[in-house]
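Okay, so here's the structure we're looking at.
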Amino acid sequence: MTARRKTPTSAADPLQALAADAALPVERFVTFRVNQLSTAFERQWSRVMRERAGVSLSQWRILAMLDAGPAVFARLVDAIGIDKSLMSRSTRELEALGLVRITATPEDARSLTLALTADGRRLLARMMPLALRRQQYLLSALTPGERAVFYKAVEKLKDAAERWELDEPRGESGEAGASAR
């Protein structure tokens with residue numbers, strides 16, 4: 001007779017459940033939970049950006065990053081965490097809308113530099129107060145201590161995800177997790 005694995009309750013620590021060889025439903029996976037949160041945030045803000053600003057979520061992120069000043073295409077790709085092809089398409093659309101200017105980077109003619117136009121700055125000035133109110137609303141759901149823990153936890157999870165990519169050995173099939181680590 002085989003031992004039956006227990007499913008943890010919603011209040012149980014998922015890491016302890018995994019250490020005890022208990023079943024962990026997919027909805028308790030940290031990656032699943034973070035994705036649910038991200039999807040909820042993105043779906044809502046995408047709709048707002050389309051309706052009120054006429055830009056996509058990826059375009060909004062590019063505009064918001066350019067608020068600090070001109071930036072090189074490759075640095076924006078890394079900072080935003082966006083696919084290069086989506087970044088390229090989004091920047092070309094922003095250029096067509098007259099919201100960004102794309103020029104060759106002076107130090108590297110193969111690289112592109114993006115900068116806000118006057119229309120891009122006006123759009124940001126109009127939408128940023130709403131973006132800040134939304135951040136205030138969302139963050140007010142947490143206590144000051146929870147906010148501090150949340151930001152620290154997100155950074156730790158991001159670092160762990162990057163380490164997993166570097167450290168996890170691959171088996172003959174090329175699949176991550178082929179060894180017990």
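The values are calculated or read from the model by the stated rules, or taken from the named source; none is laboratory data. Note that the coordinates shown come from a computational prediction; the quantities given were computed from them, not determined experimentally. Neighbour counts are summed over all protein chains in view; Cβ atoms, including those assigned to glycine, are modelled from backbone coordinates with ideal geometry. Side chains are part of the model used for accessible areas, which takes the heavy atoms of the whole protein and leaves out ligands, DNA and RNA. Shrake-Rupley method; radii C 1.70, N 1.55, O 1.52, S 1.80 Å.
In table form, for the structure just shown:
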{"quantity": "Cα shape, region 20-81, gyration tensor, a/c 1.5 rule", "calculated": "oblate"}
{"quantity": "Relative contact order (%) - the chain, alpha-carbon pairs under 8 angstrom, separation at least six", "calculated": "12"}
{"quantity": "Heavy-atom accessible area ranking, 1.4 Å probe, most first, across Leu123, Leu138", "calculated": "Leu138, Leu123"}
{"quantity": "Two-site label geometry, Glu155 and Leu139: point separation in nm, points 7 Å out along Cα→Cβ", "calculated": "1.4"}
{"quantity": "Simple label model, 7 Å out from Cα along Cβ direction - Val48 to Ala23, nm", "calculated": "3.9"}
{"quantity": "Option label - P(r) over Cα pairs in 10 Å bins from 0, in percent computed here, alternatives (i) 9, 35, 41, 14, 1; (ii) 10, 31, 28, 17, 9, 4, 1; (iii) 8, 24, 29, 22, 13, 4, 1, 0", "calculated": "(iii)"}
{"quantity": "Folded to 0 to 90 degrees: helix 57-66 orientation relative to the chain principal axis, Cα", "calculated": "60"}
{"quantity": "Within the chain, percent of DSSP bridges classed antiparallel, to nearest 5", "calculated": "100"}
{"quantity": "Accessible carbon and sulfur surface of the chain relative to its total accessible area, %, 1.4 Å", "calculated": "56"}
{"quantity": "Accessible surface, the chain, averaged per residue in Å² (probe 1.4 Å)", "calculated": "72"}
{"quantity": "Solvent-accessible ranking of Arg28, Arg75, largest area first, probe 1.4 Å", "calculated": "Arg75, Arg28"}
{"quantity": "Degrees between helix 144-167 axis and first principal axis of the chain (Cα, 0 to 90, nearest 10)", "calculated": "80"}
{"quantity": "For region 101-112, 3J(HN,Hα) per residue [Karplus equation, 6.51 cos²θ - 1.76 cosθ + 1.60, θ = phi - 60°, Hz, x = Gly/Pro]", "calculated": "10, 10, 9, 5, 6, x, 7, 8, 4, 7, 9, 10"}
{"quantity": "Residues in region 53-80 that a label on Glu93 would reach, taking backbone N under 14 Å of a point 7 Å out along Cα→Cβ", "calculated": "53-63"}
{"quantity": "Cα gyration tensor category, rounded, prolate or oblate, for region 104-171 with a/c compared to 1.5", "calculated": "oblate"}
{"quantity": "Angle in degrees between helix 84-96 and the longest Cα principal axis of the chain, rounded to the nearest 10", "calculated": "30"}
{"quantity": "Protection proxy ranking, peptides 77-83, 53-59, 97-103, average beta carbon neighbours within 10 Å, highest first", "calculated": "53-59, 97-103, 77-83"}
{"quantity": "Aspartates and glutamates whose Cα lies under 19 Å from that of Lys156, excluding same-chain neighbours fewer than 8 positions away", "calculated": "Asp13, Asp78, Glu146, Glu165, Asp167, Glu168"}
